[in-house]
1. Considering (1) buried (at least 21 other Cβ atoms within 10 Å of the Cβ); (2) in contact (Cβ under 8 Å) with a residue 40 or more places away in the chain, say which one ILE270 fails and leave the rest.
2. Answer with yes or no whether ARG122 is in contact (Cβ under 8 Å) with a residue 24 or more places away in the chain, touching a Leu at 6+ places or on another chain (Cβ under 8 Å) and basic (Lys, Arg).
3. Are any residues in the stretch 318-365 under 23 Å from VAL284 (Cβ atoms), in contact with a strand residue (DSSP E or B) (Cβ under 7 Å, 6 or more places away or on another chain) and not charged (D, E, K, R), and if so, which ones?
4. Only residues in the stretch 29-55 that are farther than 19 Å from GLN77 by Cβ count as the first member; pair them with residues that are surrounded by fewer than 19 Cβ atoms within 10 Å (Cβ to Cβ) and among the charged types (D, E, K, R), Cβ under 6 angstrom, at least 6 apart or cross-chain, and list the lot.
5. Please go through the stretch 65-78 and give me each residue that is surrounded by 17 or more Cβ atoms within 10 Å (Cβ to Cβ) and in contact (Cβ under 8 Å) with a residue 60 or more places away in the chain, ordered by number.
6. Give SER113, SER148 a once-over and let me know the one that is surrounded by 19 or more Cβ atoms within 10 Å (Cβ to Cβ), more than 20 Å from the chain's Cα centre (by Cα) and either more than 24 Å from ASP316 (Cα to Cα) or modelled with pLDDT under 95 (or both).
7. Of all residues being outside any loop (DSSP other than H, G, I, E, B) and of a type in the set (Gly, Ala, Ser) in the stretch 90-149, which is nearest to GLY224 (Cα to Cα)? Just the residue, please.
8. Which ranges mark the strands (runs of 3 or more DSSP E) fully within the stretch 301-373 that have 1 or more residues being out of contact with any Pro (no Cβ under 7 Å at 6 or more places or on another chain) and surrounded by fewer than 16 Cβ atoms within 10 Å (Cβ to Cβ)?
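The values are calculated or read from the model by the stated rules, or taken from the named source; none is laboratory data. No experiment lies behind these values; they were computed from the predicted model shown. FYI the Cβ positions are ideal-geometry reconstructions off the backbone, even for glycines, and counts take in every protein chain you see.
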Amino acid sequence: MATSTDTTGDAGGSPVSPVSSHNEWDPLEEVIVGRLEGATIPSNHPVVACNIPPWAARLQGLAGGFEYPSLLIEPAQQELDQFIALLQSLGITVTRPDEVDHRKRFSTPDWSSRGFCNTCPRDSMLVIGDEIIETPMAWPCRYFETHSYRTVLKDYFRRGARWTAAPRPQLTDELFDEDFSAPEDDEPMRYILTEFEPVFDAADFVRAGRDLFVTRSNVTNRMGIDWLRRHLGGGYRIHEIESRCRTPMHIDTTFLLLAPGKVLVNPEYIDVDRLPDVLNSWDVLVAPEPNPLDERLLKMTSMCGKWLNMNVLMVDDKRVIAERHHTDTLRALEGWGFEPIPCDLLHYAPFGGSFHCATLDVRRRGTLESYFD
């Protein structure tokens, strides 16, 4: 884990926060990257199963609580190591969570579970300026996931960051619709979550200074969005993005902010004519179809659907790390004026995502601005 000595501000002598990130594109200086060690197949629960095909849900239910097999871990670890080396070669500080045995069982007064993994820090923590917020996630197997980041969080706090935890949810049966089934294309949208208590994953939000965009999903309910809106107060606005995905979970394969005035959208999930009015002056870039995968195992084990070609990481407002395999996306990014940096992370998909999911940008060089005045 990377640490540094305390720094003090010029005026009052108070610590200068090592956490400072207001959007998705300012020059990246420090990032948390997830770990594969100890990754465990998610324990069986309706909120996990509702986002994957029925046959995959049955297999997941049988395998839940066991470690991922080495034939999935090893290629993903090789690619992750290369990705970290790339970030460091670009002068970016890389910080890592602690290793955790996610097979250990834990419980609350109402239920028990084993863990999952800490591959995707983007899900469990949300950075708003100098504040890092632990999110109230809806998957029981992720209940204590941020504990693997506590060494990092305590270090950031001692050095001046604000550290907040949203109310820890009960995750009792009242939160989940027991009769839920994913809606068909011609049916009104519905979600497995009720409004029993606030829950949300940070990965359902993207940031543009004083404006945030969110998708309601099977891990983020309206009460969770309201909690964050009230917590941030009048200095921020949160806009909801309407997704046509029948099993929505996380915004970063649906709608991704790339730079001031440029947003990348998924043509399958987004109706451009129904985007919030604040985006009327922005260029809406439509993602190309992802290049087909040749590996049958990858197609079977990905938790994220086919649109991970959108799951890119902005180094700054021009340079973007994107999947080497998705050549059509690389060409599109070039055509839109970006400088893509090809990298491999295809084999990370069974653990929750790609470059955007696998990271949490802790510090970007820039100030809080409004891009929609």
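1. All conditions are met except number (2).
2. In short, yes.
3. VAL320, ILE321, ALA322, THR329, LEU330, LEU333, TRP336, PHE338, PRO340, SER354, PHE355, HIS356
4. Final answer for the pair search is GLU29/ARG365.
5. Within the stretch 65-78, TYR68, LEU72, PRO75, ALA76 meet the criteria.
6. Within the list SER113, SER148, the selection yields SER113.
7. Among those residues, the one meeting the criterion is SER124.
8. 339-343
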